[in-house]
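Shown next, in structure tokens, is the structure this report addresses.
The values are calculated or read from the model by the stated rules, or taken from the named source; none is laboratory data. Keep in mind it's a predicted model, so treat the numbers as computed, not measured. In this analysis, Cβ positions are derived from the backbone assuming ideal geometry, glycine residues included, and neighbour counts consider all displayed protein chains. We work out accessible area using only protein heavy atoms, side chains counted, and drop any ligands, DNA or RNA first. Shrake-Rupley method; radii C 1.70, N 1.55, O 1.52, S 1.80 Å.
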Amino acid sequence: MRPNAPPPPRYAFGYQKPPVSGNAINGLGERQASRARKVFHSSSGEPLAWKALDDFFSVINPWRVVRHVIFNTWQLRRSDGPVRAARREVADPRAMAEEVKAAARRLGASLVGVAEVTEEDLYEGREPGLRYAICLGMPMDRAEMEHAPQARAAAEVMRTYREIARVAVRLAEEIRAMGWPARAYGNPNSTDILMIPLAVRAGLGELGKHGSMIGVEHGSNFRLAAVLTDLPLSLDSPVDIAVDDLCLVCRRCVDDCPPRAIFDEKQWVRGQRKWYVDFDKCIPYFVKTYGCAICIEVCPWSEPGRGPSLSAQLLERRRAQASPSDGGTPT
């Protein structure tokens, strides 16, 4: 896919007095581990350094986008609620995890995995209140996303967030009916938790060069929600689908990013060397284009049906390179 008539990175808006760099807030260049700090988007209303631009983003979106945001905000009022007094005891966490995953798929989720919640999955100042995260993924309509970075694609992004949040809300309600606490998280109330690290550990995919998830089934063309709960569940494990094998040599998202915000190499971020997108370059273009999404759609992994064969080829190439071609013992 090629970007659909992307506008140039020139802006009719800006700060008279620029806030502190979002990269500094995000911990770019920091080699010591620390908790993530909020910089943009917040459901709790605290004053953030880039809040003015976030507010501007909210008011310039067209109705086709806003209507999904309004509906989603309304349905997420049911993200938490009363827990049934009679608790269903769980003797087999593995069987319960399979039951919950089946329920999530019945409700409409395409991807489901379970991870344990740690402090590193929560923003600074937040504490883990529930032990497990049921991570959910739902693909976006590829035909609509081919219009990125236009408003039509932005509407599809928010429609998908609305649908996957609906799954999270209903799954949380079913778990509370078992007598266990459960809280649904979806856009826009997901800003208390870091969705991507949880989803990576839950086995939904890996972090890509463009700073978003890449999964074998849908590439980057999917959106996340989660349910946090104390319901005893067996954990899933991270997967290796060879994302780094391609990202290290591929420049597609780097070259197609109009504001040149994507680093070609991993960066130090809060004590970890990882893929990172330059916030200060990305976010103005993100706002101008109602959420952009160029990088995740031009990604080779996002081509429909390509992920499984691409992963298999890359893993086989890695195995071949690790084995001596003559069958002898490496020296």
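Working carefully through the options L53, L76, find the one that is more than 25 Å from R270 (Cβ to Cβ) and open to solvent by less than 40 Å² (accessible area, probe 1.4 Å).
Values: L53 fails: more than 25 Å from R270 (Cβ to Cβ).
Just a single option satisfies the conditions, and that option is L76.
In the stretch 1-35, the residue that is surrounded by the fewest Cβ atoms within 10 Å (Cβ to Cβ) out of those that are among the polar types (S, T, N, Q) and more than 23 Å from A153 (Cβ to Cβ) is Q16. In this entry, R223 passes the filter for residues that are surrounded by 20 or more Cβ atoms within 10 Å (Cβ to Cβ) and of a type in the set (K, R). Candidates are the residues of the stretch 115-167 that are under 17 Å from the mean Cα position of the chain (by Cα) and open to solvent by 60 Å² or more (accessible area, probe 1.4 Å); the one that is farthest from L48 (Cα to Cα) is D141. Is it the case that the stretch 162-182 has a residue that's in contact (Cβ under 8 Å) with a residue 60 or more places away in the chain, more than 18 Å from G219 (Cβ to Cβ), charged (D, E, K, R) and out of contact with any helix residue (DSSP H, G or I) (no Cβ under 9 Å at 6 or more places or on another chain)? Among the residues of the stretch 162-182, at least one is in contact (Cβ under 8 Å) with a residue 60 or more places away in the chain, more than 18 Å from G219 (Cβ to Cβ), charged (D, E, K, R) and out of contact with any helix residue (DSSP H, G or I) (no Cβ under 9 Å at 6 or more places or on another chain), which makes the answer yes. The set of residues in the stretch 122-146 that are more than 13 Å from R183 (Cα to Cα) and in contact with a Pro (Cβ under 8 Å, 6 or more places away or on another chain) comprises L122, R142.
Would you pick out the residues in the stretch 38-48 that are in contact with a Phe, Trp or Tyr (Cβ under 7 Å, 6 or more places away or on another chain) and either touching a residue at least 24 places away in the same chain (Cβ under 8 Å) or open to solvent by 40 Å² or more (accessible area, probe 1.4 Å) (or both)? Outline the logic, then answer.
Residues of the stretch 38-48 in contact with a Phe, Trp or Tyr (Cβ under 7 Å, 6 or more places away or on another chain): 38-40, 48.
K38, V39, F40 - these are the residues of the stretch 38-48 that are in contact with a Phe, Trp or Tyr (Cβ under 7 Å, 6 or more places away or on another chain) and either touching a residue at least 24 places away in the same chain (Cβ under 8 Å) or open to solvent by 40 Å² or more (accessible area, probe 1.4 Å) (or both).
Quick one: would you say R273 is buried (at least 24 other Cβ atoms within 10 Å of the Cβ) and among the charged types (D, E, K, R)? Answer is no for this residue.
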